[in-house]
Every structure is written in structure tokens, then in C-alpha cells.
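Engineer: Mind having a look at this structure? Questions to follow.
The values are calculated or read from the model by the stated rules, or taken from the named source; none is laboratory data. All figures in this text were calculated on a predicted structure; none of them were measured in a lab. So basically every Cβ, Gly included, is an ideal-geometry build from the backbone, and we count neighbours across all protein chains shown.
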Amino acid sequence: MKRFSTIAFVPLLVCCALAISFIADTRTEAKEEQVPFPEVPRVTKEELKELLGKPGTVILDCRPNEQFVESPQRIPGAVHEDPLKIPEWAPKYPKDARIVVY
């Protein structure tokens, strides 16, 4: 009887481990799917601090005008551009510049 319960317990344990692994993978995929445009490179705030004031770096604040005007938060050196008028302002920035948009 002891051998039977061991034989029955092992597959049950394996199934539980697989189920937990599946759930963890599903949660990871769900988090990745929530990031808009995951193919666009991102920078951390620490990396952004290092870029501030460097030649060849343009930091664009593309919040809607209402949010920009109402918010006291600004990144030093950032340029505000209207997100609804990209075709108007995009050509004025060098194509070889490192452009950070927020």
C-alpha cells in the first residue's frame, strides 16, 4: 500500500509543479502585454539623469497641453511639444539625436 501511495503521489506533485509554473508564466506574459509599444527602448530615471544636458540628446515632454500646463513637474531641459502636432515639430529634431519622449 505504501508503494501505491508513493506512485500516486509523485504524478500529483509533478502536476502541481507544472500548474504553478504555468500560472507564473501567464502572469509574466500579462505584465509584458500591458506595456504599450514594448519594442520601443526605454530608459530608467537614473539613465535619464545621466543624459541630461549631453550634446545630441533631446528630451521631449509630449504630455497633452492641459496636463503640461497643470503639472508643476518638469524635467530640466525638456522641450514641450504638442502630441497632436507631431508632423509639424518632428522635422526640426536631428535624425541622429538620441530622443527621449515622455
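Engineer: Output the qualifying pairs, or none if there are none: Cβ atoms under 8 angstrom, residues six or more apart or on different chains, first residue in the range 35-47 and surrounded by 10 or more Cβ atoms within 10 Å (Cβ to Cβ) and assigned to a loop (DSSP other than H, G, I, E, B), second residue at pLDDT 90 or above and of a type in the set (Val, Ile, Thr).
Structural biologist: VAL43/VAL100
Engineer: List pairs: first residue in the range 61-88 and assigned by TED's automatic domain parsing to the domain that holds LEU51, second residue β-branched (Val, Ile, Thr) and outside any helix (DSSP H, G or I) anywhere in the structure, Cβ distance under 8 angstrom, at least six positions apart or on different chains.
Structural biologist: ASP61/ILE75; ASP61/VAL79; CYS62/VAL101; ILE75/ILE59; GLY77/ILE59; ALA78/ILE59; VAL79/VAL58; VAL79/ILE59
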